[in-house]
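Rule-based calculations on the coordinates, nothing more; no lab input. This one's a predicted model, so the numbers in the text were calculated from it and none came from an experiment. Neighbour counts are summed over all protein chains in view; Cβ atoms, including those assigned to glycine, are modelled from backbone coordinates with ideal geometry.
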Amino acid sequence: MFRTLALTAVTATLAASSATAQVVSYHHHSTVAGDYLGGYAEAVHAEGLNVRNRAYAYRVLVAAEREREALRQERDTAYRYESELDRKEIARRAEINRERRRLKAEQLNEDAQYLLEDVQNRRHIWPEALREPQYAGHRLQIESILRDWDTGYPGDRRSLEIVVTELRDQLDATTTADHLSHRDAVSTLRQLEVLALRRDYVTAEQPAAGRVASRLPARLTDTHLASE
């Protein structure tokens, strides 16, 4: 009986030892698997974070690129708008300048015509600076030319141009007039220069054909009249 109890105790002890070993073995196995699974989960989580971070970074990059493109387009639009405004302003100023020059030329032509008519009607008053004695000869020559003026006759225009040029040179070299008087004199000379360049007015009382004939040599005129 004693031997039976001893065997039973040994058997129980061995069984308990075997069970303990199995528990330890299972516990050890579970820890390794948990570590593996945990590490894998952490790796997957980290990869997910990495993917999300890349996606976020891409979205930020795309948004920044769109913002830069929008800013560039806005800047280009503003530049084109300013350039268009500049072109329009340049065109507007050019048109204003052309209109101003046109009006000035028209006014100069009108003043030249008034001067011509005044001389022909003997009511012209020369500017103060040109009434000085040293200019008397040129004044008489100009009045003589204009009183029998024919814009269609080159000799009249050429003669007037020569006399006006001489008078201008003499005025610039010898005048003692003040600035305003000198400016009035130059304005009158400019009107005379316009007349010397113009061919559209025939205003003297004598018909143009008669004035041309009066400038031809007497022999040629007599021959022409005889042939008629």
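Residues in the stretch 130-152: is at least one more than 12 Å from residue 191 (Cβ to Cβ), of a type outside the set (S, T, N, Q), within 44 Å of the chain's Cα centre (by Cα) and not in a loop (DSSP other than H, G, I, E, B)?
No: the stretch 130-152 contains no residue that is more than 12 Å from residue 191 (Cβ to Cβ), of a type outside the set (S, T, N, Q), within 44 Å of the chain's Cα centre (by Cα) and not in a loop (DSSP other than H, G, I, E, B).
Show the residue pairs that are 6+ apart or on different chains and have beta-carbon atoms under 6 Å apart, the first residue being within the stretch 92-117 and farther than 21 Å from residue 141 by Cβ, the second being surrounded by 10 or more Cβ atoms within 10 Å (Cβ to Cβ).
Short answer, once both residue conditions are applied: 108/194.
Part of a helix (DSSP H, G or I), within 17 Å of residue 197 (Cβ to Cβ) and not charged (D, E, K, R): which single residue out of 115, 61 fits that description?
It is 115.
Confirm whether residue 98 is part of a loop (DSSP other than H, G, I, E, B) and surrounded by fewer than 13 Cβ atoms within 10 Å (Cβ to Cβ).
Considered against the rule, which asks whether it is part of a loop (DSSP other than H, G, I, E, B) and surrounded by fewer than 13 Cβ atoms within 10 Å (Cβ to Cβ), residue 98 comes out as no.
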